Amino acid sequence: MNKMPEIVLFFLAKIKKLALHFKKKKKMKEIMMVYYMEAKSARISGRKVAWITSGGPVEPLIAMDVIPVYPENHGAMIGASKMGTDLCEKSESMGYSSDLCSYARSDIACATVNGGPIGGLPRPDMLICCNNICGTVLKWYEVQARYFNVPLFIFDTPFCHVGYAEEVQRYVRSQLDEYVLFLEKACGKKMDSDHLKAVGKLSLEGQRLWQAVLATTANSPAPMTAFDAFYHLALIVTLRGTPLVIDYYTQLLEKMKDRVARGIGAIPNEKYRLLWDNIPIWPRTRWLSEKLASHNACLVADTYTSAWCGTTKYIDENNFFDSMAEAYTRIYLNIGVDEMARIVLEMVDMYKVDGIVMHSNRSCKPYSLGQYDIQKIVEKERGIPCLMIEADMVDERSFSESQVSTRIDAFMEIIKERKGA
Amino acid sequence: MKEADEFHAILKDPVSYGRKMKEQGRKIVGYFCSYTPEEIIYAAGAHPFRIFASGENIHFADAHFQSYCCSLVRGALEGALAGNLDFLDGAVFPHTCDSIQRLSDIWRMNVKGPFHADIVLPVKLDTESARSYMIDVLRKFRKDLASHLRVEITDDMLKNAIGTFNTIRRSLKRLYELKAENPGIISGRDVYAIVKASMMMDRDHLTEALPAVIGELEKKKGNAELYAGKRIVLAGGICNHPDIYRIIEDAGAVVVWDDFCTGSRYFEESVKDNADPMAAIAGRYIERPVCPAKHAGIFTRGENLLKIAKEKDARGVVFLFLKFCDPHAFDYPYMKEFLDREGIPSMMLEVEDQLPSEGQLRTRFETFVDML
Ligand code: SF4
Ligand code: SF4
Ligand code: SF4
């Protein structure tokens, strides 16, 4: 590596110190700040940066000491800081249709202006696109591969309408080897398979902890809400496979267990329990949480945050690498609508919910198309009502507060009546 | 031209055509998307029948699909739920975009036809492992279809089918070439009807009907009037609107080629004469111009469009998209830029179920054509 200028060394030392400091406190905000600072200074510290899709296999990157960066997480940050609409408009002026996924739209625009809450993402050295969440990411990463002119690896996980076919396993498994070769070439070094094993163990442990954290809300009152889960989710998405995740969720789990033991609920007076479906409406999470709390309704669980621990059953602890193929292929969004409905029913039972709030998300077709069928299945099988809210996870132009507000009121009336308020 | 009449008739009422074939005792397998291996369906003795949007007002499908889903997907489900596709013995869904993906689920859960096949092709077409996976998937489809229809599909039957479809593809290509060389000899509307109806017509009959059309045109081409319209190329996914051709022609232009999956992407590349027919069919999907829902490099589609525009001596390009179609919308800005760089003007038209009013369209096309 070239000699680094004083100032850079100073800066790096500062990040390390900050990191150490926060390691003790482990606050989400700080962890994410350090993470993004590290990623943004990767060039001067000589590390590589990979952009990767949220459902993509990140463990090999961690094992190669590549910093993974998630445009979708960035998209969520843009949405939560209400900077999405501007960026979406900017992408439209670049020729992108306003009907496209708003994560993609805001990221594509952001890359050209380094806008958003953290001044844009660090430039990627490579792009890793796994289509287990949608076909949009393929097109989005193609756009970025042209823009940044960096290598693109496509990890293709065929859609599992029903079951998991033998030929799919063969194909995905062979791509794991291709992925490692790709990384070895991009990084100019060999993969250390022992290290990868260790990362795999940590990843699985992190997923199990996350699962355990989410499961605490099966208690009544729920010690945290799905809105809290949206917040705590960031780590399992971005830093899965590192010890930091384990520490963080271990502490969180203890805290939640303690709250359960003491009967402390996340909202003051939990009377009604609801399940959330789809990606949060990021710019409106606070409004929505207050709105529901005003009805004494608690969003106790959701189909979204559980997607990052939904396939642990396919992971083989002693053979993480091989089992990644199945675990990454059979995630929630890569399965048929009927199987999704089965999972929703399981959640309805496990969390004992009185109703479902479905976000019909204009941005996300694989998540939203099929919701009407799931709604019908749930209403038929469990007899609980579902509310459909049409909105967008980032683009506020698709959100009508007064309309949503009225619909929530009406929905809560039904629930109250049924429960005999 | 009168040889095109029977094609127009099918397009006008595909349901009656399908039902009639059914009455004659044929097995009919409906399919979506040009990545369906029609050869295998035909080899099984069944009739491959491409399903388009029903064109009716959406009524039943609204209970399953949100409004932000493309009209092809909503319209196809509408047709099925309305009972118009009762003549099908099965339906085949190649995996491409997110909307088709969910259409397959919803169809399987609600339409409940006798045979439902997903052909989950690889999304990338440019690696060896993807190729062998694609061959695996095609083999599986062959096996499933054979067992469902209780027939045997031998390699010889497949080779025969490949021959038939290669002939059809060659004829369609010849039709396009004749039109490109002598734009005045056949109307755009006729070409449109012929290609689209080819995906529904009895293929054995088609192998006679197409040469008849072409024979007529070959005769005409010597003394055809020189056509003065400005040459343009259409690009996009599917065209469901025959009126567009007439409006374009009225505006003083003529469509000389396209990059549609209901157009040139349907007939480009033939299946090679390999020892293994499955490998040969897979080979064609890998070679042929790619659809935006698949990946074969990051510049391929732009380069291909540019090549078409140059080879066909086009003065401009009209992008025609269905609203809410993600794969095409993502590619549009860079493809347009490719054209801009070469000084080829383009315009983009996004259509929902219905075309915008004729007056509006006329003005848009006239403005564009004047600029060329
Ligand atoms: S389409 Fe849906 S799954 Fe895909 S990137 Fe957008 S929000 Fe994520
Ligand atoms: S545009 Fe692509 S996905 Fe859509 S029908 Fe045509 S080939 Fe299939
Ligand atoms: S590729 Fe586009 S037009 Fe074709 S089904 Fe998908 S969204 Fe609809």
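Suppose we filter A:LEU292, A:LEU244, A:LEU252, A:LEU274 for residues that are out of contact with any Phe, Trp or Tyr (no Cβ under 8 Å at 6 or more places or on another chain), away from ligand 3 (no atom under 16 Å from the Cβ), in a strand (DSSP E or B) and not aromatic (Phe, Trp, Tyr); which single one remains? Spell out how you get there, then give the answer.
Values: A:LEU292 fails: in a strand (DSSP E or B); A:LEU244 fails: in a strand (DSSP E or B); A:LEU252 fails: in a strand (DSSP E or B).
When all the criteria are applied, what remains is A:LEU274.
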Residue pairs, Cβ under 9 Å, 6 or more apart or interchain, first in the stretch B:133-162 and more than 14 Å from chain A (Cβ to nearest Cβ), second surrounded by fewer than 16 Cβ atoms within 10 Å (Cβ to Cβ) and assigned to a helix (DSSP H, G or I). List them. B:ILE153/B:LYS143
In the stretch B:353-363, is there at least one residue being open to solvent by 40 Å² or more (accessible area, probe 1.4 Å) and touching an Asp or Glu at 6+ places or on another chain (Cβ under 6 Å)? no
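Scan the stretch A:156-178 for residues that are part of a helix (DSSP H, G or I) and open to solvent by 20 Å² or more (accessible area, probe 1.4 Å) and report the count.
Just the residues of the stretch A:156-178 that are part of a helix (DSSP H, G or I), to begin with: A:166-178.
With the extra rule that they be open to solvent by 20 Å² or more (accessible area, probe 1.4 Å), the set shrinks to A:166-167, A:169-170, A:173-174, A:177-178.
Summing the residues that are part of a helix (DSSP H, G or I) and open to solvent by 20 Å² or more (accessible area, probe 1.4 Å) in the stretch A:156-178 gives 8.
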Considering only the stretch A:36-55, state which residues are open to solvent by less than 10 Å² (accessible area, probe 1.4 Å) and part of a helix (DSSP H, G or I). A:ALA39, A:ALA42
Can you spot a residue in the stretch A:126-143 that is within 14 Å of chain B (Cβ to nearest Cβ), of a type in the set (Asp, Glu) and within 27 Å of B:THR127 (Cα to Cα)? yes
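Report yes if some residue within the stretch A:238-245 is of a type in the set (Gly, Ala, Ser), buried (at least 18 other Cβ atoms within 10 Å of the Cβ) and closer than 26 Å to A:MET393 by Cα; otherwise report no. So that I can check it myself, show each step before the final result.
Residues of the stretch A:238-245 of a type in the set (Gly, Ala, Ser): A:241.
From what is left, the residues that are buried (at least 18 other Cβ atoms within 10 Å of the Cβ) are A:241.
Okay, now just the ones that are also closer than 26 Å to A:MET393 by Cα, so none.
Checked against the condition, which is being of a type in the set (Gly, Ala, Ser), buried (at least 18 other Cβ atoms within 10 Å of the Cβ) and closer than 26 Å to A:MET393 by Cα, the stretch A:238-245 yields no hits at all.
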Considering every residue within the stretch B:66-74, establish whether at least one is touching a strand residue (DSSP E or B) at 6+ places or on another chain (Cβ under 9 Å), open to solvent by 10 Å² or more (accessible area, probe 1.4 Å) and either within 17 Å of B:GLY113 (Cα to Cα) or more than 14 Å from ligand 2 (Cβ to nearest atom) (or both). yes
Do any helices (runs of 4 or more DSSP H) lying entirely in the stretch A:309-421 carry at least 2 residues that are open to solvent by 50 Å² or more (accessible area, probe 1.4 Å) and more than 27 Å from A:LEU100 (Cβ to Cβ), and which ones are they? A:337-350, A:371-382, A:401-419
If you check B:ARG170 against the conditions, is it under 27 Å from B:TYR42 (Cβ atoms) and surrounded by fewer than 22 Cβ atoms within 10 Å (Cβ to Cβ)? yes
Number of the exception - B:CYS69 against (1) more than 14 Å from every other protein chain (Cβ to nearest Cβ); (2) within 16 Å of ligand 1 (Cβ to nearest atom): (1)
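So that you can scan it fast, the table gives a plain yes or no per residue for (1) open to solvent by 40 Å² or more (accessible area, probe 1.4 Å); (2) of a type in the set (S, T, N, Q); (3) modelled with pLDDT of 95 or more:
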{"position": "B:ASN84", "(1), (2), (3)": "no, yes, no"}
{"position": "B:THR96", "(1), (2), (3)": "no, yes, yes"}
{"position": "B:PRO114", "(1), (2), (3)": "yes, no, no"}
{"position": "B:ALA130", "(1), (2), (3)": "no, no, yes"}
{"position": "B:PHE141", "(1), (2), (3)": "no, no, yes"}
{"position": "B:ARG150", "(1), (2), (3)": "yes, no, yes"}
{"position": "B:ALA161", "(1), (2), (3)": "no, no, yes"}
Single residue of the stretch A:85-95 satisfying the filter (out of contact with any Gly (no Cβ under 9 Å at 6 or more places or on another chain) and open to solvent by less than 20 Å² (accessible area, probe 1.4 Å)) that is nearest to the other protein chains (Cβ to nearest Cβ): A:SER91
Taking the stretch B:285-315 as the region of interest, how many residues are within 14 Å of another protein chain (Cβ to nearest Cβ), away from ligand 1 (no atom under 16 Å from the Cβ) and not hydrophobic (A, V, I, L, M, F, W, C)? 6
Is it true that A:TYR164 is under 27 Å from B:LEU103 (Cβ atoms) and either away from chain B (no Cβ under 12 Å) or modelled with pLDDT of 95 or more (or both)? yes
Among (1) touching a Gly at 6+ places or on another chain (Cβ under 6 Å); (2) without any contact (Cβ under 8 Å) to a residue 60 or more places away in the chain, A:LYS257 falls short only on (1)
Would you mind stating whether B:ALA61 is farther than 23 Å from B:HIS241 by Cβ, touching a helix residue (DSSP H, G or I) at 6+ places or on another chain (Cβ under 8 Å) and more than 16 Å from ligand 2 (Cβ to nearest atom)? no
Just a yes or no: is a residue in the stretch A:169-188 in contact (Cβ under 8 Å) with a residue 24 or more places away in the chain and closer than 30 Å to A:GLU390 by Cβ? no
Subset of the stretch B:326-350 [at the interface with chain A (Cβ under 7 Å from one of its Cβ atoms) and over 21 Å from B:VAL73 (Cα atoms)]: B:PRO333, B:TYR334, B:LYS336
Identify, please: which residue in the stretch A:82-111 is part of a helix (DSSP H, G or I) and over 19 Å from A:TYR70 (Cβ atoms) and is, among those, farthest from ligand 3 (Cβ to nearest atom)? A:ASP86
Can you pull out the residues in the stretch B:11-33 that are within 13 Å of ligand 2 (Cβ to nearest atom) and either free of Cβ contacts under 8 Å to residues at least 60 places away in the same chain or open to solvent by 10 Å² or more (accessible area, probe 1.4 Å) (or both)? B:CYS33
If the requirement is being open to solvent by 50 Å² or more (accessible area, probe 1.4 Å) and aliphatic (A, V, I, L, M), which of these qualifies: A:LEU214, A:LEU181? A:LEU181
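Tell me, please, whether a residue that is more than 10 Å from chain B (Cβ to nearest Cβ) and modelled with pLDDT under 95 can be found in the stretch A:63-73.
So the first thing to find is which residues in the stretch A:63-73 are more than 10 Å from chain B (Cβ to nearest Cβ), and the list is A:63-73.
Applying the additional criterion that residues be modelled with pLDDT under 95 yields A:73.
So far as the stretch A:63-73 goes, yes, one or more of its residues are more than 10 Å from chain B (Cβ to nearest Cβ) and modelled with pLDDT under 95.
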For the stretch B:87-101, check the following and say yes or no: at least one residue is touching a His at 6+ places or on another chain (Cβ under 8 Å), hydroxyl-bearing (Ser, Thr, Tyr) and within 16 Å of ligand 3 (Cβ to nearest atom). no
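State all residues of the stretch B:26-48 that are at pLDDT 95 or above and of a type in the set (S, T, N, Q); if no residue qualifies, say none.
Scanning the stretch B:26-48 gives a single hit, B:THR36.
The values are calculated or read from the model by the stated rules, or taken from the named source; none is laboratory data. Quick caveat, the model's predicted, so the values are computed rather than measured. As a convention, Cβ positions derive from the backbone with ideal geometry for all residues, glycine included, and neighbour counts pool all protein chains shown. Calculation scope for accessible area: heavy atoms of the full protein, side chains included, ligands and nucleic acids excluded. Shrake-Rupley method; radii C 1.70, N 1.55, O 1.52, S 1.80 Å.
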